[in-house]
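Below you'll find the structure, written out as structure tokens, and then a few comments.
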Amino acid sequence: MAFKPLACNGKTAVEYLGEKSCPVGGDNCFSFHFFEGARPSQPLLALEVWDIYPREWPDVCCQAYGRNLSSPLDWAAAALAAGAQAIALQLKSIDPNGLDAGPEPALGLVGELLDKIDVPLIVWGCDNAEKDALVLSTLAARYAGRKLILGPVEEANHKRLAPLAAEYGHTICATTPIDVNLAKQLNILLQNQGVPLEKILIDPTTGGLGYGLEYTYSVMERLRIAALQQNDQVLALPLICHLGKEIWKSKEARQLREEAPEMGEDNRGVFMEISAGVSLLLAGANILVLGHPQSLRGLRDFIDLLFSPAQAENELWL
Amino acid sequence: MKCIGENLNVMQKSLNQAFQERNPGPVQEMARQQQRAGMAWIDVNLGPARKNGPELMDWLVRTIQEAVDLPLSLDTSNIEAMEAGLAAHKGRALINSIMARPERYNAMLPLVTRYDADMIALLWGPEGLPRDENERAAWAVELIYAANEMGIDNQRIYVDPIITPLNIQQDQLPAVLRFMAMLPEIAPGTRSVGGLSNLSNGTPWREPLNQTYLAMLKRAGMYSAILDYKDRLLIDIAAGKRPDIEQVVVAVEDGSLTSPQEVEENLRVFARAARVILGHSLYSDSWMKLE
């Protein structure tokens, strides 16, 4: 049976992240359709690092690093040693429903991280639009020119954050709630605030495995169709998926064997994270933010395999 | 294309008050305006009408038909209220609507014959909204067959393929057009109708979207539409008085017009709307400004 190629006339923008200008995007075909086009940069795999001791994190993740995670700097070093190509700092401390810290501790920590690591630094707020606007805009101004990746930036807070991010050369994660039309709209609004498209990553919002992953998948698919087949410039941007936090907050990933023997081994969350990650990569994700370092290794192997056609032919198709 | 005025609606605050107070003035005034604007039916929309539904519908039908000599489209999901309206109605009423769900059509089809009414066959199936033109076709066949079995002729049936909001279900709008092309073969002699305004619900571009899609539906052979009688341009398009707009829409549909810039400035809005309705461009609230 012959397959009809999926004709594409569009191409996603190549964006350069961090101070070392790490490229993402530039695809002119659907994900891994190497027989139809090119995907010049491999997907980037990032690991979470929290700014506070990860008390809410499951033990299976904490133990994976084999060390105490009370120092974000040590944690970041361990994440890099585990193969992370970017660090995704989670500003848990600023959550108004938690410690409600001001911007100062985050300012200090981001500065130290920037000095210590040479991979892109994603700085993720607490999903409270107002608080994130305050803290992320302070960071944007303080670290002018240091090429942070700031998120989540939503319609609700983009007017406060976007002009500063644009002025100081940072990249924005444009977050919308699993909706193609709203994703396009937010990118237009960001452009209106002076953000160049090549400084925007699309965050379609990730549903966890069993918690709406399929909605995210189909929205991502439609975003790629718009970019590649309808040549929609506003959407021809790399996609970032914040997968780790969705996987590791689910009961199915956290339950221990002794509480729920029918669920199998305690590390099943890793397999959930890998299988969900594979789905998102197939849907076109350019950046995955993961929790467990073992998931990162599994997904790295998968990506390496698909990026080396000869090997893939041997291992997958024979 | 025939027009059914949508505005006599329980959702309209001022009218709702008149409904509750049984005050004929505002109701009759709007009915006369709709007649002057050229509506062929007036839709009387009570929604679920849980409280005093039958008595309210009876009063509304009598009150409106005292003022205007037009048939009414009776729009309520309350079957008792529907029956009360049919009993009070002079001439042939239009039942809006009967869904393609057995428990609904088994209860409602007898009203069509008992009161010698016409009916809207709403292609809302057992699982809700149809997902493409084929599901629409399957449900149309089921519902029309059941109606025919009851002795209802095809010409009394107005098939409503369900127009969904552009900002939620963009791909359903071309699906409705494809279904319209199938309908004459599936059910020869049936008429068709669509609730147009739903298309633009929640968007800041209501009028141009409604106007453009109406031109497409007209071309696709839709017999009538439920619409906003206050939109003069829309009524003119339905009446075939704006061939210039229809030409632009046809050109986009046929692929001979790909850039809105190729037409005069006052017509560009229709080219843009046509592109987004047909899915050539992904909808966003700001898309009008982009192309």
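The values are calculated or read from the model by the stated rules, or taken from the named source; none is laboratory data. Nothing here was measured: the structure is a model prediction, and the numbers come from that model. Note: ideal-geometry Cβ built from the backbone for every residue, glycine included; neighbour counts use all protein chains shown.
Step by step: first the residues of segment B:264-291, then only those that are within 12 Å of chain A (Cβ to nearest Cβ), small (Gly, Ala, Ser) and under 26 Å from the mean Cα position of the chain (by Cα), then the one that is surrounded by the fewest Cβ atoms within 10 Å (Cβ to Cβ). Which residue is that?
B:GLY279
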| Test: residue in segment A:157-167 that is buried (at least 17 other Cβ atoms within 10 Å of the Cβ), among the hydrophobic types (A, V, I, L, M, F, W, C) and within 14 Å of chain B (Cβ to nearest Cβ) | no
| Selection count, segment A:120-143, where residues are buried (at least 20 other Cβ atoms within 10 Å of the Cβ) and touching a strand residue (DSSP E or B) at 6+ places or on another chain (Cβ under 8 Å) | 10
| message | Taking the conditions exactly as written (more than 18 Å from B:ASN148 (Cα to Cα) and assigned to a strand (DSSP E or B)), does B:SER73 satisfy them or not? | response | yes
| message | Against the condition surrounded by fewer than 17 Cβ atoms within 10 Å (Cβ to Cβ) and modelled with pLDDT of 95 or more, how does B:ARG114 come out, does it pass? | response | yes
| query | Consider A:GLU48 against the criteria (1) over 22 Å from A:LEU148 (Cβ atoms); (2) under 17 Å from the mean Cα position of the chain (by Cα): it satisfies all of them except one. Which criterion is unmet? | reply | (1)
| query | Quick one: which of B:LEU46, B:LEU74, B:LEU70 is within 17 Å of B:GLN17 (Cβ to Cβ), surrounded by 17 or more Cβ atoms within 10 Å (Cβ to Cβ) and of a type in the set (A, V, I, L, M, F, W, C)? | reply | B:LEU46
| Applying the selection to segment B:243-263, what residues are under 24 Å from the mean Cα position of the chain (by Cα) and without any contact (Cβ under 8 Å) to a residue 12 or more places away in the chain? | B:PRO243, B:GLN247
| said: Please go through segment A:228-277 and give me each residue that is within 14 Å of chain B (Cβ to nearest Cβ), in contact with a Lys or Arg (Cβ under 8 Å, 6 or more places away or on another chain) and in a helix (DSSP H, G or I), ordered by number. | reply: A:LEU228, A:VAL234, A:LEU235
| Residue check for A:THR205: in a loop (DSSP other than H, G, I, E, B), under 24 Å from A:LEU243 (Cα atoms) and more than 12 Å from chain B (Cβ to nearest Cβ) | yes
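Kindly indicate whether A:GLY212 is surrounded by fewer than 24 Cβ atoms within 10 Å (Cβ to Cβ) and on the phi > 0 side of the Ramachandran plot.
yes
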| Considering segment A:93-119 alone, what residues qualify as being in contact (Cβ under 8 Å) with a residue 24 or more places away in the chain, under 18 Å from A:ALA78 (Cβ atoms) and surrounded by fewer than 16 Cβ atoms within 10 Å (Cβ to Cβ)? | A:GLU112, A:LYS116, A:ASP118
| request: Tell me, please, whether a residue that is away from every other protein chain (no Cβ under 12 Å) and in contact with a Gly (Cβ under 8 Å, 6 or more places away or on another chain) can be found in segment A:183-202. | output: yes
